[in-house]
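Each remark here refers to the structure printed beneath this line.
The values are calculated or read from the model by the stated rules, or taken from the named source; none is laboratory data. Note that this is a predicted model, so its numbers are computed, not measured. In this analysis, Cβ positions are derived from the backbone assuming ideal geometry, glycine residues included, and neighbour counts consider all displayed protein chains. Calculation scope for accessible area: heavy atoms of the full protein, side chains included, ligands and nucleic acids excluded. Shrake-Rupley method; radii C 1.70, N 1.55, O 1.52, S 1.80 Å.
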Amino acid sequence: MNLVFLGPPGSGKGTQASMLAKSFGNGVRHISTGEMLRTEIDKNSEIGLIADGYIKSGKLVPDNVIFSIIEKSLNSYIEADILIFDGFPRSVAQALRLEEIFLQKELKIDIVFNFSIDKNALIKRVCGRFSCENCGLSYNTYSNPTKIEGVCDCCGLGSFVTRPDDNEVTFGDRLSVYEDLTFPLIDFYQKKGLLFSIEASIDPKAIFKEMQRVISDYKYKKRG
Ligand code: AMP
(Lines give C-alpha, C1' and ligand atoms only; values in the text may rest on other atoms or scores of the structure.)
Protein backbone atom coordinates (compact mmCIF):
# COMPACT_ATOMS: atom_id res chain seq x y z
CA MET A 1 0.00 0.00 0.00
CA ASN A 2 1.28 3.45 -0.90
CA LEU A 3 0.05 6.60 0.81
CA VAL A 4 0.66 10.26 0.07
CA PHE A 5 0.30 13.02 2.67
CA LEU A 6 -0.57 16.47 1.33
CA GLY A 7 -1.04 19.66 3.31
CA PRO A 8 0.26 23.15 4.03
CA PRO A 9 3.15 23.71 6.46
CA GLY A 10 1.92 23.21 10.03
CA SER A 11 -1.11 21.10 9.08
CA GLY A 12 0.24 18.17 11.11
CA LYS A 13 0.83 15.83 8.16
CA GLY A 14 4.37 14.98 9.26
CA THR A 15 3.27 14.08 12.80
CA GLN A 16 0.42 11.92 11.53
CA ALA A 17 2.63 10.26 8.93
CA SER A 18 5.13 9.33 11.67
CA MET A 19 2.37 8.01 13.95
CA LEU A 20 0.95 5.92 11.13
CA ALA A 21 4.37 4.59 10.17
CA LYS A 22 4.98 3.52 13.79
CA SER A 23 1.60 1.79 13.96
CA PHE A 24 2.34 -0.28 10.83
CA GLY A 25 5.58 -1.70 12.20
CA ASN A 26 8.34 -3.34 10.18
CA GLY A 27 7.31 -3.33 6.53
CA VAL A 28 6.72 0.41 6.32
CA ARG A 29 8.99 3.16 5.03
CA HIS A 30 8.25 6.80 5.87
CA ILE A 31 9.66 8.97 3.10
CA SER A 32 9.80 12.57 4.35
CA THR A 33 11.69 14.66 1.80
CA GLY A 34 11.99 17.52 4.32
CA GLU A 35 13.62 15.20 6.90
CA MET A 36 15.94 13.70 4.29
CA LEU A 37 17.05 17.16 3.21
CA ARG A 38 17.64 18.26 6.83
CA THR A 39 19.78 15.14 7.34
CA GLU A 40 21.82 16.03 4.24
CA ILE A 41 22.28 19.59 5.58
CA ASP A 42 23.50 18.21 8.94
CA LYS A 43 26.00 16.01 7.05
CA ASN A 44 27.20 19.00 4.99
CA SER A 45 26.80 16.85 1.90
CA GLU A 46 26.60 18.20 -1.64
CA ILE A 47 22.80 17.85 -1.62
CA GLY A 48 22.67 19.51 1.80
CA LEU A 49 24.67 22.48 0.57
CA ILE A 50 22.30 22.95 -2.38
CA ALA A 51 19.14 22.46 -0.30
CA ASP A 52 20.05 24.72 2.62
CA GLY A 53 19.46 28.08 0.90
CA TYR A 54 16.16 26.98 -0.63
CA ILE A 55 14.84 25.67 2.68
CA LYS A 56 15.90 28.76 4.63
CA SER A 57 14.11 30.98 2.12
CA GLY A 58 10.96 28.83 2.05
CA LYS A 59 11.37 27.84 -1.60
CA LEU A 60 11.14 24.39 -3.12
CA VAL A 61 14.43 22.57 -3.61
CA PRO A 62 14.94 21.95 -7.36
CA ASP A 63 13.19 18.90 -8.81
CA ASN A 64 16.40 17.19 -9.97
CA VAL A 65 17.66 17.07 -6.35
CA ILE A 66 14.31 15.81 -5.05
CA PHE A 67 13.94 13.17 -7.77
CA SER A 68 17.41 11.86 -7.07
CA ILE A 69 16.72 11.39 -3.32
CA ILE A 70 13.31 9.86 -4.04
CA GLU A 71 14.68 7.39 -6.58
CA LYS A 72 17.57 6.48 -4.30
CA SER A 73 15.26 5.77 -1.38
CA LEU A 74 12.77 3.82 -3.49
CA ASN A 75 15.57 1.64 -4.81
CA SER A 76 16.67 0.86 -1.28
CA TYR A 77 13.08 0.29 -0.05
CA ILE A 78 12.28 -2.34 -2.65
CA GLU A 79 11.12 -4.81 0.03
CA ALA A 80 8.73 -2.38 1.76
CA ASP A 81 5.04 -3.33 1.99
CA ILE A 82 3.90 0.21 2.73
CA LEU A 83 5.38 3.50 1.54
CA ILE A 84 4.31 6.75 3.18
CA PHE A 85 5.21 9.87 1.20
CA ASP A 86 5.26 12.93 3.42
CA GLY A 87 6.02 16.24 1.68
CA PHE A 88 6.40 14.66 -1.77
CA PRO A 89 4.99 15.27 -4.31
CA ARG A 90 4.71 19.03 -3.81
CA SER A 91 3.81 20.06 -7.36
CA VAL A 92 2.05 18.59 -10.38
CA ALA A 93 5.46 18.09 -12.06
CA GLN A 94 6.61 16.00 -9.05
CA ALA A 95 3.34 14.03 -9.07
CA LEU A 96 3.81 13.20 -12.76
CA ARG A 97 7.37 12.05 -12.09
CA LEU A 98 6.15 9.84 -9.24
CA GLU A 99 3.63 8.28 -11.62
CA GLU A 100 6.42 7.50 -14.10
CA ILE A 101 8.61 5.96 -11.40
CA PHE A 102 5.69 3.93 -10.06
CA LEU A 103 4.77 2.73 -13.55
CA GLN A 104 8.30 1.38 -14.03
CA LYS A 105 8.16 -0.35 -10.66
CA GLU A 106 4.57 -1.60 -11.12
CA LEU A 107 3.44 0.31 -8.05
CA LYS A 108 0.46 2.61 -7.55
CA ILE A 109 -0.78 5.21 -5.09
CA ASP A 110 -3.63 3.88 -2.97
CA ILE A 111 -4.75 6.88 -0.89
CA VAL A 112 -3.84 10.57 -0.82
CA PHE A 113 -4.63 12.17 2.55
CA ASN A 114 -5.22 15.88 2.16
CA PHE A 115 -4.79 17.80 5.45
CA SER A 116 -7.16 20.70 5.21
CA ILE A 117 -6.98 23.59 7.70
CA ASP A 118 -7.76 27.31 7.90
CA LYS A 119 -4.55 29.14 7.05
CA ASN A 120 -4.94 31.55 10.01
CA ALA A 121 -4.43 28.61 12.37
CA LEU A 122 -1.12 27.67 10.77
CA ILE A 123 1.22 30.46 11.78
CA LYS A 124 1.10 29.68 15.52
CA ARG A 125 1.46 25.99 14.82
CA VAL A 126 4.60 26.57 12.76
CA CYS A 127 6.25 29.47 14.56
CA GLY A 128 5.62 27.98 18.02
CA ARG A 129 7.08 24.57 17.36
CA PHE A 130 10.33 23.29 18.84
CA SER A 131 11.71 19.91 19.83
CA CYS A 132 14.07 18.34 22.33
CA GLU A 133 17.58 18.14 20.90
CA ASN A 134 18.19 14.92 22.79
CA CYS A 135 15.09 12.74 22.38
CA GLY A 136 13.29 14.59 19.55
CA LEU A 137 9.96 15.05 21.39
CA SER A 138 7.97 17.87 19.74
CA TYR A 139 6.37 20.79 21.56
CA ASN A 140 4.58 24.03 20.78
CA THR A 141 5.01 27.25 22.76
CA TYR A 142 1.31 28.09 22.42
CA SER A 143 -0.52 24.77 22.45
CA ASN A 144 1.81 22.17 23.90
CA PRO A 145 4.61 23.63 26.06
CA THR A 146 6.90 21.58 28.32
CA LYS A 147 5.33 20.89 31.74
CA ILE A 148 8.30 22.53 33.46
CA GLU A 149 9.73 25.47 31.55
CA GLY A 150 12.99 24.57 29.82
CA VAL A 151 12.88 20.87 30.77
CA CYS A 152 11.92 18.08 28.38
CA ASP A 153 8.90 16.08 29.70
CA CYS A 154 10.37 12.90 28.27
CA CYS A 155 14.14 12.85 28.93
CA GLY A 156 14.46 15.67 31.48
CA LEU A 157 17.20 17.50 29.54
CA GLY A 158 16.97 21.15 28.69
CA SER A 159 18.28 21.68 25.20
CA PHE A 160 15.76 22.43 22.46
CA VAL A 161 15.94 23.08 18.71
CA THR A 162 13.79 25.03 16.27
CA ARG A 163 13.80 24.53 12.50
CA PRO A 164 15.48 27.50 10.75
CA ASP A 165 12.48 27.78 8.40
CA ASP A 166 9.91 27.92 11.23
CA ASN A 167 9.79 31.71 11.50
CA GLU A 168 7.19 34.26 10.41
CA VAL A 169 9.04 35.53 7.33
CA THR A 170 9.86 32.12 5.86
CA PHE A 171 6.44 30.79 6.83
CA GLY A 172 4.78 33.39 4.53
CA ASP A 173 6.96 32.23 1.64
CA ARG A 174 6.29 28.55 2.37
CA LEU A 175 2.56 29.19 2.41
CA SER A 176 2.69 31.02 -0.96
CA VAL A 177 4.69 28.16 -2.44
CA TYR A 178 2.09 25.74 -1.08
CA GLU A 179 -0.78 27.76 -2.58
CA ASP A 180 0.86 28.18 -5.99
CA LEU A 181 2.44 24.78 -6.51
CA THR A 182 1.07 22.20 -4.05
CA PHE A 183 -2.59 23.21 -3.77
CA PRO A 184 -3.29 22.21 -7.43
CA LEU A 185 -2.47 18.62 -6.43
CA ILE A 186 -5.78 18.46 -4.54
CA ASP A 187 -7.66 18.68 -7.83
CA PHE A 188 -5.11 16.45 -9.57
CA TYR A 189 -5.64 13.58 -7.11
CA GLN A 190 -9.37 14.26 -6.67
CA LYS A 191 -9.85 13.64 -10.40
CA LYS A 192 -8.03 10.33 -10.04
CA GLY A 193 -10.39 9.30 -7.21
CA LEU A 194 -7.50 8.99 -4.75
CA LEU A 195 -8.10 11.99 -2.47
CA PHE A 196 -9.37 11.75 1.06
CA SER A 197 -9.62 15.06 2.91
CA ILE A 198 -8.95 15.24 6.63
CA GLU A 199 -10.07 18.16 8.82
CA ALA A 200 -6.68 18.90 10.35
CA SER A 201 -7.76 21.30 13.12
CA ILE A 202 -9.34 18.55 15.24
CA ASP A 203 -7.67 16.50 17.99
CA PRO A 204 -4.62 14.62 16.60
CA LYS A 205 -5.87 11.35 18.12
CA ALA A 206 -9.19 11.74 16.27
CA ILE A 207 -7.33 12.44 13.02
CA PHE A 208 -5.27 9.30 13.52
CA LYS A 209 -8.40 7.19 14.10
CA GLU A 210 -10.02 8.65 11.00
CA MET A 211 -7.00 7.72 8.88
CA GLN A 212 -7.03 4.20 10.26
CA ARG A 213 -10.72 3.93 9.41
CA VAL A 214 -10.14 5.13 5.83
CA ILE A 215 -7.30 2.62 5.39
CA SER A 216 -9.27 -0.31 6.73
CA ASP A 217 -12.32 0.60 4.55
CA TYR A 218 -9.99 0.77 1.57
CA LYS A 219 -8.50 -2.65 2.33
CA TYR A 220 -11.98 -4.10 2.82
CA LYS A 221 -13.20 -2.75 -0.54
CA LYS A 222 -10.07 -4.06 -2.25
CA ARG A 223 -10.67 -7.56 -0.87
CA GLY A 224 -14.37 -7.49 -1.79
P1 AMP B 1 8.94 19.98 5.21
O2 AMP B 1 9.77 19.33 6.26
O3 AMP B 1 8.12 18.99 4.42
O4 AMP B 1 8.13 21.13 5.72
O5 AMP B 1 9.97 20.59 4.14
C6 AMP B 1 10.87 21.61 4.50
C7 AMP B 1 11.45 22.25 3.26
O8 AMP B 1 12.18 21.26 2.51
C9 AMP B 1 10.45 22.83 2.27
O10 AMP B 1 10.01 24.13 2.61
C11 AMP B 1 11.26 22.80 0.97
O12 AMP B 1 12.20 23.85 0.94
C13 AMP B 1 12.04 21.49 1.10
N14 AMP B 1 11.29 20.36 0.52
C15 AMP B 1 10.74 19.29 1.20
N16 AMP B 1 10.13 18.46 0.34
C17 AMP B 1 10.29 18.99 -0.90
C18 AMP B 1 9.85 18.62 -2.20
N19 AMP B 1 9.12 17.51 -2.41
N20 AMP B 1 10.20 19.41 -3.23
C21 AMP B 1 10.95 20.52 -3.06
N22 AMP B 1 11.36 20.95 -1.86
C23 AMP B 1 11.04 20.21 -0.78
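For Lys221, the aspartates and glutamates whose Cα falls under 19 Å of its own Cα, not counting residues fewer than eight places away in the same chain, are Asp81, Asp110, Glu210. Along the axis of the charge dipole computed for the chain (Cβ charges of +1 for Lys and Arg, -1 for Asp and Glu, origin at the Cα centre), the listed residues Asn167, Gln94, Ala17 are led at the positive end by Ala17. Taking 0.36 nm per residue of separation and subtracting the current Cα-Cα distance, fully stretching the chain between Lys22 and Ile78 would add 18.3 nm. Just grab the label-to-label distance for Asn44 and Arg213, each label 7 Å out from Cα along the Cβ direction, in nm (one decimal). It is 5.1 nm. For segment 21-155, give the share of DSSP beta bridges that are antiparallel, in percent and rounded to the nearest 5; count only bridges with both residues there. Of those bridges, close to 50 percent are antiparallel.
Once the Cα atoms of helix 92-105 and of the chain are each reduced to a long axis, what angle between those two axes, in degrees from 0 to 90 to the nearest 10, is obtained? Once rounded, one gets 50 degrees. The C-alpha atoms of the chain define a longest principal axis, and helix 168-177 lies at about 10 degrees to it. Couplings for segment 186-198, taken from phi via the Karplus curve 6.51 cos²θ - 1.76 cosθ + 1.60 with θ = phi - 60°, read 4, 5, 4, 7, 4, 4, 8, x, 9, 7, 10, 8, 10 Hz in order; Gly and Pro are left as x. Here's how it looks for Leu107: its modeled amide H is under 5 Å from none belonging to a residue 5 or more places away or on a different chain. Pairs of lysine residues in segment 28-168 that meet both criteria, 8 or more places apart or on different chains and Cα atoms under 29 Å apart, total 14. Prolate is the label for segment 38-151, because the ratio a/c of its alpha-carbon gyration tensor axes (a ≥ b ≥ c) is 1.5 or higher and a/b is greater than b/c. Summing +1 for each Lys or Arg and -1 for each Asp or Glu among the other residues whose beta-carbon sits under 14 angstrom from that of Ser216 gives +3.
Normalised radius of gyration (Cα atoms, divided by 2.2 N^0.38 Å) for the chain: 1.02. Sequentially through segment 29-36, phi angles give Karplus couplings (6.51, -1.76, 1.60; θ = phi - 60°) of 10, 9, 9, 9, 5, x, 4, 4 Hz, Gly and Pro residues having no value and appearing as x. Helix 204-223 and the longest principal axis of the Cα set of the chain meet at an angle near 10°. The packing ranking of peptides 1-11, 175-185, 204-214, highest mean first, is 1-11, 175-185, 204-214, where packing means the average number of other beta carbon atoms within 10 angstrom of each residue. Couplings 3J(HN,Hα) of segment 72-89, computed from phi: 4, 6, 5, 5, 8, 9, 4, 8, 5, 8, 10, 10, 10, 9, 10, x, 8, x Hz, in residue order, whole Hz [Karplus 6.51 cos²θ - 1.76 cosθ + 1.60, θ = phi - 60°; x for Gly and Pro]. Calculated accessible area for segment 1-105 comes out at 47 Å² per residue, all protein chains present (probe 1.4 Å; ligands, DNA, RNA ignored).
Globularity index of segment 134-205 is 1.55 (Cα radius of gyration / 2.2 N^0.38 Å, N = number of residues).
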